[in-house]
Structures are given as structure tokens and as C-alpha cells.
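Everything below concerns the one structure shown next.
The values are calculated or read from the model by the stated rules, or taken from the named source; none is laboratory data. The structure presented is a predicted model; accordingly, all values stated were derived computationally and were not measured. Cβ: placed from backbone, ideal geometry, glycine included. Neighbour counts: every protein chain shown. Keep in mind that these areas ignore ligands, DNA and RNA; they rest on the heavy atoms of the full protein, side chains included. Shrake-Rupley method; radii C 1.70, N 1.55, O 1.52, S 1.80 Å.
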Amino acid sequence: MRPTRRLHPASDCLRAVGYAIDPLPARRGSDGAAWGCFAAQRAAERLMVCDQIRDAAGHVWPDASSWYWPALTGASAGPWWSTTLVEAGR
């Protein structure tokens with residue numbers, strides 16, 4: 001696997017299918033790592049969504065933009081896991 005600009009935030013996908021996106025403050029997980037979060041709303045449906053990327057060495061990035069340059073320059077060799085959490089009704 002190699003760094004790619006094709007990895008993008010979930011907000012891009014939700015915006016493309018008609019959700020309004022409102023950025024939210026980052027959240028800390030139970031391990032203290034940051035998650036990039038946003039609210040998404042379409043009609044009466046409201047979601048809270050958080051993204052995070054991790055590598056095998058334990059580095060964590062709250063969004064694809066902050067991950068890309070360390071991955072591209074070799075500061076993170078991968079493999080990488082991109083995780084998106086979605087909660088309804090917040």
C-alpha cells in the first residue's frame with residue numbers, strides 16, 4: 001500500500017449525496033487519540049461522524065490531510081487503517 005489522495009474524509013462522500021456538513025471540535029477516544037468530527041444533516045436525519053487514521057507503529061491522525069504528508073515522506077510506512085464512526089440522532 002502507498003499514500004494516495006484517493007483516501008478522503010467521510011464528509012466528502014456525505015456531501016456528495018446531499019448532506020449538509022458542519023465541522024465539530026475534535027474528540028478524544030478512550031486511548032487519548034484525536035478523532036476529526038463533523039455533523040451531517042439531510043432533511044430530518046442528523047448524524048455525528050468521526051474519522052481517524054492509524055498506522056502499525058501507533059501514530060494517529062484525525063483526518064486524511066494530516067496523514068498524507070507523513071505517509072508520502074516516509075515518516076509513516078504503513079500499513080494504515082482508516083476508521084469512520086457514525087452515530088445517529090445527535
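Of everything in region 6-22, what is within 13 Å of residue 52 (Cα to Cα) and not in a loop (DSSP other than H, G, I, E, B)? Give them in sequence order.
Of everything in region 6-22, those that are within 13 Å of residue 52 (Cα to Cα) and not in a loop (DSSP other than H, G, I, E, B) turn out to be 10, 11.
Any residue in region 59-69 that is more than 16 Å from the chain's Cα centre (by Cα) and farther than 12 Å from residue 86 by Cα?
No, the conditions are met nowhere in region 59-69.
Count, please, the residues in region 67-90 that happen to be more than 16 Å from residue 38 (Cα to Cα) and either outside any strand (DSSP E or B) or aliphatic (A, V, I, L, M) (or both).
Qualifying residue count for the region: 13.
Determine if region 27-45 includes at least one residue that is part of a helix (DSSP H, G or I), small (Gly, Ala, Ser) and more than 20 Å from residue 80 (Cα to Cα).
no
Six or more apart or on different chains, Cβ atoms under 6 Å: show the pairs whose first residue is in region 64-90 and open to solvent by less than 70 Å² (accessible area, probe 1.4 Å) and whose second is of a type outside the set (Lys, Arg) and in a helix (DSSP H, G or I).
76/70; 84/10
I'd like the residue in region 5-47 that is polar (S, T, N, Q) and surrounded by fewer than 17 Cβ atoms within 10 Å (Cβ to Cβ) and, out of all such residues, is nearest to residue 72 (Cα to Cα).
That would be 30.
Which of the following residues is more than 15 Å from residue 9 (Cβ to Cβ) and modelled with pLDDT of 95 or more: 46, 90?
Checking each option against the conditions leaves just 46.
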